[in-house]
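Structure first, commentary second.
The values are calculated or read from the model by the stated rules, or taken from the named source; none is laboratory data. Only a predicted model underlies this, so the values are computations on that prediction, with no experimental measurement involved. Virtual Cβ from ideal backbone geometry, glycine too; neighbours counted across all protein chains shown.
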């Protein structure tokens, strides 16, 4: 017995499918991400750290007022502020900060230029990995301050010694970050790239590096932290009139003068610069990479 159901014409079904697809595309085009109000961003991002700083200052002032320890060991926050204003009026505040920041950025860029090819070679060439992999891990765990005496003996008390300490501290972290990122790339991505003709340097540029980018960024972030710490250690130990006064040397000078307010100011400035570089450089880049991969958790 013949069925009474009559199938819809093929052209009608196709037209219906196209209509649905067009409606979906129109909906995607019409969608615009809602911009978060500035006030909400400030409350979410700026208010918590400001409150934390105010709490630390309140506890600090309370300890000073209760004379928990001698005043020369724990000066009041106002004494530290006076040291800051003294540097401002003397016109040396920004020169001290810039001396260290310029050294740190220059050394970090050199470490990136050196650590990236090392990490790529170690990650992709097995004999090199067997030989240098444990060495890089060991160098990363070695305190950077240990290199300062050797760098001074090898190169003298000059900028070359400073940069050598930065390189020895930062290159292993950058290389290991790239190695970790490459190790986490799914093999399917590499096979697909080779199938499409992305081999050799083209495969590294278009497949390997983009897939390993989150791990590489983590290594760069850690490499900057090691660069900054290494530089401060070098400036603390190696001092010379030819080097000028950076933050580490300013900190050591204040210790020589037994000026605890100046010591605390040096520590605060070192901390502020490190946090500022992270917030202004690495955090935006990291958010952009995660957002492009759909890995950034939407804010409520």
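The set of residues in the range 176-209 being surrounded by 14 or more Cβ atoms within 10 Å (Cβ to Cβ) and either part of a loop (DSSP other than H, G, I, E, B) or at pLDDT 80 or above (or both) consists of 176, 177, 178, 179, 180, 181, 182, 185, 198.
When the range 71-108 is filtered for residues that are loosely packed, with under 15 Cβ neighbours inside 10 Å, under 30 Å from residue 171 (Cβ atoms) and touching a residue at least 24 places away in the same chain (Cβ under 8 Å), only 95 remains.
Among residues of the range 50-70 that are on the phi < 0 side of the Ramachandran plot and exposed (fewer than 10 other Cβ atoms within 10 Å of the Cβ), none has a Cβ under 8 angstrom from a residue that is in a helix (DSSP H, G or I) and at pLDDT 85 or above at a sequence gap of 6+ or on a separate chain. Criterion applied to 111, 161, 151, 130 was being over 27 Å from residue 272 (Cα atoms) and touching a residue at least 12 places away in the same chain (Cβ under 8 Å), and the one residue passing it is 151.
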